[in-house]
Amino acid sequence: MQFISSSLSGLFVILPNVFEDARGYLFESYNKEVFIRHGITDEFVQDNQSFSQKDVLRGLHFQNAPYSQAKLVRVIQGAVLDVAVDIRKKSSTYGKYFSEILSAKNKTMLFIPVGFAHGFLVLENNTIFSYKCSNIYDKESEDGILWNDTDLNIKWGIKNPVLSEKDKSAKRFRDFESRF
């Protein structure tokens, strides 16, 4: 696996070693020892998977302590534009975002540390998105930031995505009080 540091401290683009032949392919999507060698010591305790159609946008989501989560995300089928926003108050990149296209074809993964809001825009129909979480889901701890907040100025490449009611009414970044 190749770990590539992003422009946001602690967030990595991960390129697995893919072994392909006429039968198909195999790759290791997680190996605790390899992750530890790259400074990632989070223990994953919950796996989630979503299925979405093109133009669905999910996010920007996060959970506050004591249920904050690091995530390892990838696409099993289809493609997404994945976005992580640094919400760590003392970070030099607070309020900055990083985006990457994740797809079944490129097999790229992202490690998103605690202290980031996360979201993704589905680029292909029938997309299956998978994420490992370092903490369990807790409804009372969940929070979100408005996907199209003008202060964040995320380049989603879409004006009218398909959104949940929760995501339509998320807080603006300037009204958000980070606990990280």
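The values are calculated or read from the model by the stated rules, or taken from the named source; none is laboratory data. The model shown is predicted, which means the values in this text are computed figures rather than measured ones. Every residue, glycine among them, receives a Cβ derived from its backbone with ideal geometry; neighbour counts consider all protein chains shown. These accessible areas exclude ligands, DNA and RNA; they are computed on the full protein's heavy atoms, side chains included. Shrake-Rupley method; radii C 1.70, N 1.55, O 1.52, S 1.80 Å.
Looking only at residues in the range 51-70 that are open to solvent by 20 Å² or more (accessible area, probe 1.4 Å) and either part of a strand (DSSP E or B) or among the β-branched types (V, I, T) (or both), which one is nearest to I128 (Cα to Cα)?
Filtering the range 51-70 for residues that are open to solvent by 20 Å² or more (accessible area, probe 1.4 Å) and either part of a strand (DSSP E or B) or among the β-branched types (V, I, T) (or both), the one nearest to I128 (Cα to Cα) comes out as F51.
To keep it simple, each residue is scored yes or no on (1) aromatic (F, W, Y); (2) open to solvent by 40 Å² or more (accessible area, probe 1.4 Å); (3) touching a helix residue (DSSP H, G or I) at 6+ places or on another chain (Cβ under 7 Å).
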position	(1), (2), (3)
E100	no, yes, no
K105	no, yes, no
M109	no, no, no
V114	no, yes, no
V122	no, no, no
S130	no, no, no
Y137	yes, yes, no
Test set (1) open to solvent by less than 10 Å² (accessible area, probe 1.4 Å); (2) over 15 Å from the mean Cα position of the chain (by Cα) - S164 fails condition number: (1)
Number of positions in the range 25-50 that are open to solvent by less than 80 Å² (accessible area, probe 1.4 Å), over 19 Å from the mean Cα position of the chain (by Cα) and among the β-branched types (V, I, T): 1
The lone exception for A22 - which of (1) touching a residue at least 12 places away in the same chain (Cβ under 8 Å); (2) open to solvent by 70 Å² or more (accessible area, probe 1.4 Å) it fails: (1)
Complete set of residues in the range 166-180 that are under 15 Å from G119 (Cα atoms) and either in contact with a Gly (Cβ under 6 Å, 6 or more places away or on another chain) or in a helix (DSSP H, G or I) (or both): K166, D167, K168, A170, F173
Residue in the range 2-13 that is closer than 30 Å to E165 by Cβ and surrounded by 19 or more Cβ atoms within 10 Å (Cβ to Cβ) present: yes
Members of the range 85-143 that are among the basic types (K, R) and not in a loop (DSSP other than H, G, I, E, B): K132, K139
